[in-house]
Amino acid sequence: MDAVVKLFKAQAENEERERKRKADARATKAAPRPDGAPAAPKAHPPLPDGTPRPSRHEAEAAVRTLLAYIGEDPAREGLLDTPKRVVKAYDELFSGYGEDGDELLERTFGEIGTFDDFVLVRDIPFHSHCEHHMVPFVGKAHIAYFPVERVVGLSKIARVVDIFAHRLQTQEHLTSQITTALDEGLRPRGVAVMIEAEHMCMSMRGITKQGVSTLTTQFTGVFRDDPAEQVRFITLVRSKA
Ligand SMILES: [Zn+2]
């Protein structure tokens with residue numbers, strides 16, 4: 001009973017703080033800029049169905065609800081700034097929604113001499129979050145593409161992985177999104193993507209099996225049609241020379 005009362009009290013206090021913060025935010029927003037133009041609120045792109053995105057404060061309030069749900073006191077000192085930190089961390093962990101793979105792959109280089117083989121970037125570390133539990137899955141991506149006359153900066157390949165990994169994902173979808181982005185962005189003779197990852201929703205909860213590795217692959221073009229190229233890709237990924 002005491003805990004419940006305490007919880008309600010904490011909630012009331014938080015709401016009061018929230019009201020003050022909102023009032024402050026309104027006051028700041030209403031203040032005219034030095035050049036006289038009205039201050040524009042930070043753009044929040046709407047959701048796919050057109051509904052506006054929740055505000056930062058609404059997101060922080062949701063974190064406070066979850067803290068109370070697990071039996072914590074959101075008003076205790078150590079947790080006071082946690083909602084703010086969690087939302088800030090989310091901005092970073094899920095930054096992939098605001099980014100576009102096409103734009104990234106636009107810039108290619110034509111000076112490749114007589115190079116006529118695939119380019120393999122292997123052991124690209126990544127972390128993502130499973131869309132079923134919003135729990136991390138971490139692993140490595142191995143990516144090859146067979147260029148036609150032009151190549152792309154190697155770091156761009158790793159960036160493409162990050163764009164899609166920084167969204168809620170399934171490993172299967174992540175694999176296919178990376179493959180499609182490279183296939184459409186570079187128009188190569190083929191793309192090969194292999195992802196191996198450990199899913200925390202399997203190691204920390206549920207059946208709690210640690211060290212299980214999930215492997216997914218996707219091939220297009222020569223990698224799909226020519227078994228020899230596929231074998232060469234897998235052999236190079238696996239050779240730890
Ligand atoms: Zn999961």
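Mind checking the full-extension length gain between residue 240 and residue 92? Use 0.36 nm per residue of separation minus the Cα-Cα distance, one decimal, nm. Intermediate values should be presented prior to the final figure.
Working: separation 148, 0.36 × 148 = 53.28 nm, distance 3.21 nm.
Fully extending the segment from residue 240 to residue 92 adds 50.1 nm.
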Legend entry - Relative exposure of 216, 235, judged by other C-beta atoms within 10 Å (fewest first): 235, 216
Inset, instruction - Evaluate E = 1/(1 + (r/R0)^6) for residue 107 and residue 73, where r is the Cβ-Cβ distance and R0 equals 51 Å; express this FRET efficiency to the nearest 0.05. - result: 0.50
Inset, instruction - Would you mind putting 96-105, 163-172 in packing order, based on average other-beta-carbon counts within 10 Å, highest first? - result: 163-172, 96-105
Inset, instruction - Please report, in cubic angstrom per residue, the volume enclosed by the convex hull of the alpha-carbon atoms of segment 68-130. - result: 169
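Using the crude model of +1 on Lys and Arg Cβ and -1 on Asp and Glu Cβ, and no other charge, please compute the dipole size for segment 103-238 relative to its Cα centre, in debye to 20. Numbers along the way, then the final one.
Details: 14 positive and 17 negative charges, 80 e Å.
For segment 103-238, the charge dipole is close to 380 debye.
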Legend entry - Length gained when the stretch residue 173-residue 59 is fully extended (0.36 nm per residue, less Cα-Cα span): 38.4 nm
Legend entry - residue 149-residue 215 FRET efficiency (beta carbon distance; Förster radius 41 Å; 0.05 resolution): 0.80
Legend entry - Ellipsoid equivalent to segment 117-241 - semi-axes via the Cα gyration tensor, in Å: 26, 16, 12
Inset, instruction - Compute the relative contact order of segment 103-238 as a whole-number percentage, counting only Cα pairs closer than 8 Å that sit 6 or more residues apart in sequence. - result: 25
Legend entry - Cα centroid separation, segment 161-183 to segment 50-119 (Å): 15
Inset, instruction - Using the number of other C-beta atoms within 10 angstrom as an exposure proxy, rank 124, 112 with the fewest first. - result: 112, 124
Inset, instruction - Would you please state which residues of segment 160-199 a label at residue 127 would reach in this model, taking the label point 7 Å out along Cα→Cβ and a backbone N cut-off of under 19 Å? - result: 160-171, 174, 196-199
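Arrange 90, 69 by Cβ neighbour counts within 10 Å, fewest through most, would you?
Ranking 90, 69 by Cβ neighbours within 10 Å, fewest first, gives 69, 90.
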Legend entry - Gain on full stretching of the segment that runs from residue 159 to residue 80 - 0.36 nm per residue minus C-alpha separation: 25.0 nm
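Coordinate-derived values only; no laboratory data. As the structure is a computational prediction, the values presented were derived from the model and not from experiment. As a convention, Cβ positions derive from the backbone with ideal geometry for all residues, glycine included, and neighbour counts pool all protein chains shown.
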